[in-house]
Structures are given as structure tokens and as C-alpha cells.
Amino acid sequence: MSSSGEEFENVKYISSKIVKKYLAWLKSSVYEETFKMLLASKISIDGDFAFSSDDIKNISKFVASGKDYLEENNCDWMNRFRMLTKDQQYAVVRHQQFSYFLKMAKKPTLTCRNFEYKNYKAKIHHKDKSSTSMKDVIYTLPYFRKKFQDDSCAVCIEKFTEGQFVRKLPCQHAFHLSCMSQWTKRRTTCPTCRRKLAVKCEITYDVEMEKMKDCSTSVEIHLRTESLFY
Ligand SMILES: [Zn+2]
Ligand SMILES: [Zn+2]
């Protein structure tokens, strides 16, 4: 393999790492920021009970991952979260996601961020066309009877448990997290009313590289994200 071919393979590898890092940063920064803001301003908690910044990170990560809460049921942050009232639990999680979606929807179409790695100077140009509409967002929320129109999941026909995390679609229909993730592997419509759902974010990018005079390599990454409806 020629040295330039090898260099190109390196750049490809490094770019994929940087894109991954950037996407993780994008998600975590917005979640964390809105969560802190919320806890400071709107959620007052009795006594000396409060969330640590790790709790905030864990709740944010959990909601973003869409995992079933039963897996996390016995951990400390979940127990602390359960000490909030039903309304607070619901409000914290809903508002957090609402702010996130709103920020995504309003976000300028092009953002830039620099990364440095060894001899590589990379710049990400991110054109974001995903979540441009608040009509299409899917929430992950704790289930409380009064807040939902359904009391059971139409995929498995089982009743929801109070406080269990569920997926609430734009049509207001709700499903277990695991039922919904199984369903959206095969279909992209609501199981109950067949409304089309934006279930995936398509991530594509091109890379350009240039050798600089100081022996560093400049890498330009053009990243595009877009919602998929099929
Ligand atoms: Zn189910
Ligand atoms: Zn529906």
C-alpha cells in the first residue's frame, strides 16, 4: 500500500472516531444543560434531597438510550428519582426532552466544531435536517395513568405499571420501550393508528484531507443528519 493510501485509511479511521465523539457530545451536552436548568429553576425538592451531577447524567443517559427501566430499577439514581412526586418525575423527563427537541428543531442548519488528534486537525461541519418538526418527536416518559390515554400496550396487550418508562408517539399512543424498539426494527408506523414515524436518524459524512506545511494533516468532515420515514 502506498503511503498516501495508508494515510487515507488513517484519516478514514480517525474521522469515524471523531464523528462518534461529536454525536455523543451533541446529545449529552444538550441533555445535561436542560436538566440542570430544570432542576435549578422549576423543580423544588423537599428537605435536603437533591440530585448530584452524576444523577443528572445518569437520568439523561437513561432517557436518551431508551432502555427498559426494570434493568435500572435498583440503582441509586433511580431510587432518588422515584422520591420525586409523580408530577415532578413526569415534568422533569418531559420538559428535558421538550427543550432538547426544541433546540434541535430551532438549531441553525450548520454547526462547526474543531477536534485535534495527534497530528490531525479536524473540523466538523454539521448540517442537521433531523427533528426539524416538533410534530414528529417521540418521548420516553414515566407512565402515570392520568397522563396517558391508553392503559395498556397494544403490541404485547399488557397493562402498564405506574412509573414504568414508556414511549409516547406523536399520535399520543404509548408502548413499552422494548415492545416499541422490537416493532420499529420491522415497521415505521404506529402499531395502533398506523401514523408514519420518524424512527431513525440517517448519518452520512464525507471527508477531505490536506497535508499542511507544518506536517499536520487538516481533515474536513462534512456531516449530515436526517430523519428517516421510509
Ligand atoms: Zn408492550
Ligand atoms: Zn398512534
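For this structure, a couple of remarks:
- The residues in the range 157-185 that are over 18 Å from the mean Cα position of the chain (by Cα) and away from ligand 1 (no atom under 15 Å from the Cβ) can be counted, and the count is 4.
- Entry remark, the range 122-139: residues being away from ligand 2 (no atom under 16 Å from the Cβ) and surrounded by 17 or more Cβ atoms within 10 Å (Cβ to Cβ) number 6 in total.
- Residue pairs whose Cβ atoms lie under 8 Å apart, separated by 6 or more positions or on different chains, with the first residue in the range 190-212 and under 30 Å from residue 172 (Cβ atoms) and the second aliphatic (A, V, I, L, M) and more than 16 Å from ligand 2 (Cβ to nearest atom), are 198/228; 199/228; 200/228; 201/228; 202/228; 203/19; 203/23; 203/223.
- Odd one out for residue 157, checked against (1) at positive phi; (2) in a strand (DSSP E or B): (2)
- The residue of the range 209-225 that is nearest to ligand 2 (Cβ to nearest atom), among those that are assigned to a loop (DSSP other than H, G, I, E, B) and not small (Gly, Ala, Ser), is 212.
- A single entry from 66, 5 fulfils the requirement of being under 25 Å from residue 202 (Cβ atoms), modelled with pLDDT of 65 or more and not hydroxyl-bearing (Ser, Thr, Tyr): 66.
- Hits in the range 155-167 (condition: modelled with pLDDT under 95 and within 15 Å of ligand 2 (Cβ to nearest atom)): 166, 167
- Unmet criterion (only one of (1) exposed (fewer than 15 other Cβ atoms within 10 Å of the Cβ); (2) away from ligand 1 (no atom under 15 Å from the Cβ); (3) at pLDDT 90 or above) for residue 116: (3)
- Of all the residues in the range 189-208, those that are crowded, with 16+ Cβ neighbours inside 10 Å, away from ligand 2 (no atom under 12 Å from the Cβ) and farther than 17 Å from residue 112 by Cβ number 2.
- Within the range 178-188, the set of residues being within 16 Å of ligand 2 (Cβ to nearest atom) and touching a strand residue (DSSP E or B) at 6+ places or on another chain (Cβ under 9 Å) comprises 179, 180, 183, 184, 188.
- Given (1) in contact (Cβ under 8 Å) with a residue 60 or more places away in the chain; (2) surrounded by fewer than 20 Cβ atoms within 10 Å (Cβ to Cβ); (3) within 13 Å of ligand 2 (Cβ to nearest atom); (4) over 23 Å from residue 111 (Cα atoms), index of the condition residue 170 fails: (1)
- Residue match in the range 220-227 (condition: under 19 Å from residue 149 (Cβ atoms), among the basic types (Lys, Arg) and surrounded by 13 or more Cβ atoms within 10 Å (Cβ to Cβ)): no
- Only one of the numbered conditions (1) loosely packed, with under 15 Cβ neighbours inside 10 Å; (2) assigned to a helix (DSSP H, G or I); (3) within 15 Å of ligand 1 (Cβ to nearest atom) is not met by residue 146, and that is (3).
The values are calculated or read from the model by the stated rules, or taken from the named source; none is laboratory data. What you see is a predicted model, and the numbers here were worked out from it, not measured in a lab. Ideal geometry is used to build each Cβ from the backbone, glycine not excepted, and the neighbour counts take in all protein chains shown.
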